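Every read-out reported here was derived from the displayed coordinates using simple, explicitly stated rules and does not represent laboratory data. Since this is a predicted model, take the numbers as computed values, not measurements. Cβ coordinates were reconstructed from backbone atoms using ideal geometry, including for glycine residues, and neighbour counts include every protein chain displayed.
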Amino acid sequence: MKRAWLWMVLVLAGSSVLRAQEPLHPWTWELQGGYNTAGGWLDSGWMAQTGIGYAWTDYVSVVLHGAYYQGNLKGISGSNALYVLTVAPELRRPVSDHGEVYVFMGAGVAGTSSSYEGRGWQRIHLPSQTKWAGEAGIGYRHFFSRQVGMSFQVTYTHMAFEPSVDVGDGRVGLVIRF
């Protein structure tokens, strides 16, 4: 019985230490917009991204990113929307009472939508594809209050389509902690 009490005390003490490390607002939601430059068959264009993350400590979190790229095609006047979904561990470093710098690197999937481009004899079919994707980025979040702020982010994304697409973009957005 003494052993059971000892284990309970150790578990409670350990969990209280871990609980003390948890941030006041562990959840983060972001909505960003930006402009990308791309290589391969994708031309430069606008993009949008949303993400939700959970922080275990003030320094470590995991984030689920969902991004949409305008998908203008080089060489023809068409477009094929790209969607990217990744999971990324994120390391954060507070730099002031209201700001933090963060870096992340993640992996996931990228997909294109099926579409037809052109008219008459020049009509071509662009089939949908789903391939793996990887992303890495660095950013800065500035909070105007305890929970609301804005983010600035630079991201590199690789999509393993045939042929592959490499995208670099800059994003600005809203961030909310809850």
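Going by how many other beta carbons lie within 10 Å of each one, how would you line up LEU24, LEU73, fewest first?
Listed from fewest to most nearby Cβ atoms, that is LEU24, LEU73.
Counting residues in the stretch 23-177 as N, plug N into 2.2 N^0.38 Å and put the Cα Rg over that result. Before the final figure, lay out the partial values.
Values: Rg = 17.1 Å, N = 155, 2.2 N^0.38 = 15.0 Å.
The reported ratio for this selection is 1.15.
Would you mind checking which residues have amide H under 5 Å from HIS98's amide H? H placed 1.01 Å from N; only 5 or more apart, or other chain.
Sorted by chain and number, the residues that satisfy this come to none at all.
What list do you get for MET47, MET150 if you sort them by fewest beta carbons within 10 Å?
MET150, MET47
Could you work out the local net charge near GLY168, counting Lys and Arg as +1, Asp and Glu as -1, over the other residues with Cβ closer than 14 Å to its Cβ?
On the way: positive: ARG171; negative: ASP43, GLU135, ASP166, ASP169.
Residues near GLY168 contribute -3 overall.
What's the local net charge at GLY108, with K and R +1, D and E -1, over the other residues with C-beta under 12 Å away?
Overall, the nearby charge balance is 0.
For SER145, SER79, what's the fewest-to-most ordering of other Cβ within 10 Å of each Cβ?
Placing the least packed residue first, the sequence is SER145, SER79.
Below 10 angstrom from the Cβ of THR37, what's the summed charge of the other residues (Lys, Arg +1; Asp, Glu -1)?
Cβ neighbours under 10 Å give a net charge of -3.
Can you work out the FRET efficiency for the pair ALA81 and VAL103, with r the C-beta to C-beta distance and R0 = 25 Å, to the nearest 0.05?
0.35
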